[in-house]
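Accompanying notes for the structure given below.
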């Protein structure tokens, strides 16, 4: 299938320089990350579309905190994501607010696609207010600081000049680059320990306390859990994979009656 998509806004703006760093207080939010949507995980795609039609309607704000897609080479090659865009527009038409954050897989996701989805792009590290608390939101990979090689790679991928250069390449050139980067990532991932690929709590704590936040919500590590730390809580989102027959999984975070983040996990399609 030939990849097509949106006409990029001129003058061209790097996704790393895009997104809001502040939004109005939240009413009843839900947080999701690491969907890794692609044409290869159709059950996962269908499960999330069903989530938008059902459980997500209980909430007023939907946050997708990165790695929404398995890969993203630019808003001008977004045609495979059109079913999701339509579903998000439908969700927004109900009066819901949608916020998108870039992850390590979809760091080229920009404001053009966000607008196409009736959504708003937000920056990694944004602080939001909900239930009287300040919450620090992140994809989470910036805190995996024990992995020096990955952090160097991340700096390059989030460099504005690099992103502008990439978006000026042809779609096919970007596809070829993404394939090479993905192959290298798979190779090096097998050589890293789980500890190295996890977040460093001291780095999370530094950012949480500096932002005067009582809660932190992030994804990336695929290790859903809720931690009560010194001065704040840290809630890690689940990845979604309903195509993994051995360990199907999905999850989200909502605010409980006490006004604190609560992790919801499910292995069921519906």
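The set of residues in region 231-245 that are over 19 Å from residue 48 (Cα atoms) and either at pLDDT below 95 or surrounded by fewer than 18 Cβ atoms within 10 Å (Cβ to Cβ) (or both) contains only 231.
Residue-by-condition table, conditions (1) at pLDDT 95 or above; (2) assigned to a loop (DSSP other than H, G, I, E, B); (3) within 26 Å of residue 170 (Cβ to Cβ); (4) over 17 Å from the mean Cα position of the chain (by Cα):
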position	(1), (2), (3), (4)
16	yes, no, yes, no
31	yes, no, no, no
44	yes, no, no, no
52	yes, no, no, no
72	yes, yes, yes, no
76	yes, no, yes, yes
85	yes, no, yes, no
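A Cβ distance below 9 Å, combined with a sequence gap of six or more or placement on separate chains, defines the contacts here; from region 16-40, residues that are free of Cβ contacts under 8 Å to residues at least 60 places away in the same chain reach residues that are surrounded by fewer than 12 Cβ atoms within 10 Å (Cβ to Cβ) and in a loop (DSSP other than H, G, I, E, B) in the pairs 39/1.
Considering region 204-268, the qualifying strands (runs of 3 or more DSSP E), each wholly inside and each with 2 or more residues that are over 17 Å from the mean Cα position of the chain (by Cα), run over 225-229, 232-236, 261-266.
The values are calculated or read from the model by the stated rules, or taken from the named source; none is laboratory data. None of the values given here were measured: they were computed from a predicted structure. Glycine gets a Cβ as well: all are built from the backbone with ideal geometry, and neighbour counts include every protein chain shown.
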